[in-house]
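Could you have a look at this structure, given as structure tokens, before my questions?
Every number here is computed from the coordinates shown, using simple stated rules; none is lab data. What you see is a predicted model, and the numbers here were worked out from it, not measured in a lab. Note: ideal-geometry Cβ built from the backbone for every residue, glycine included; neighbour counts use all protein chains shown.
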Amino acid sequence: MTNTIYYYLAAYLVGSIPTGYLASKSMKKEEFFKPGERSTRRAGDVFKLLGMKVGLFVTFLDVLKGWFSVSYLINLFIGPEGHDIWWIVSLGGLCVVIGHCHSIWLGLRGGRGLSVSGGVLLALLPVPTILATLVWAALAFWGLSTRPGALSAAGAMPLFSIAWIWYFQSDKLFYLYVVAFLSLWAMFSYRASLKSYLGMDVVLPDFPDPAQPPAAEMNTPKPDEEKKN
């Protein structure tokens, strides 16, 4: 039990490594976080800030954090048998994502966790993850922006996973729990964009209160008052 707790702590600390923040500081770029917020800038803005090559390298490192925690780090604390216990593997994956989004080195601030989640799922269900990544890449790099790609990949991952497990790997049925959680986590992280796409942030025009006459009518004297004057 103690080794399991150590594993979760190590996974959290690996996830907490602020790869993008360190890259931004080393390049002496502008603030990596949104002004006044606890989350980083949007992925598209991060790529503009760091450049395409550095941005892709940082993304690769974030994916590697998730993959490393589930595929290799568990061997150091629990052993190879830990891979056969689905809830240990799944909770380890959740710990590394939480560490990335709430890094202890950044005052519990962090990114949105999409790349790290991809690394975790790549270790657990590689084929569905690759298919979902292709959906993300198609919309992120050849579409409008990274936001519809992230939301579409988060929605497609459970569908790909269910189909893959149903036909090919029924022994990994319990991994659907972590797939569902990480997909919901991604949608929550991009909730502002999701609400925008669903038309839930429409601002209605500010109509005047019908009980109050317009200001022009209130200041205009009536005809009877003009005669008295």
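As an exercise, use a Förster radius of 35 Å and the Cβ-Cβ distance of residue 91 and residue 48 to find the FRET efficiency, rounded to the nearest 0.05.
Approximately 0.50, to the nearest 0.05.
Using a Förster distance of 22 Å, how high is the FRET efficiency between residue 176 and residue 137, based on the Cβ-Cβ distance and rounded to 0.05?
0.40
Expressed in nm to one decimal, what extension gain is obtained for the pair residue 25 and residue 169 from 0.36 nm per residue of sequence separation less their Cα-Cα distance?
Separation in residues times 0.36 nm, less the Cα-Cα distance, equals 47.5 nm.
Also, quick follow-up: Show me the chymotrypsin sites (Phe, Trp or Tyr not before Pro) within region 48-141 that DSSP assigns to loop and that have at most 14 other Cβ atoms within 10 Å of their Cβ.
72
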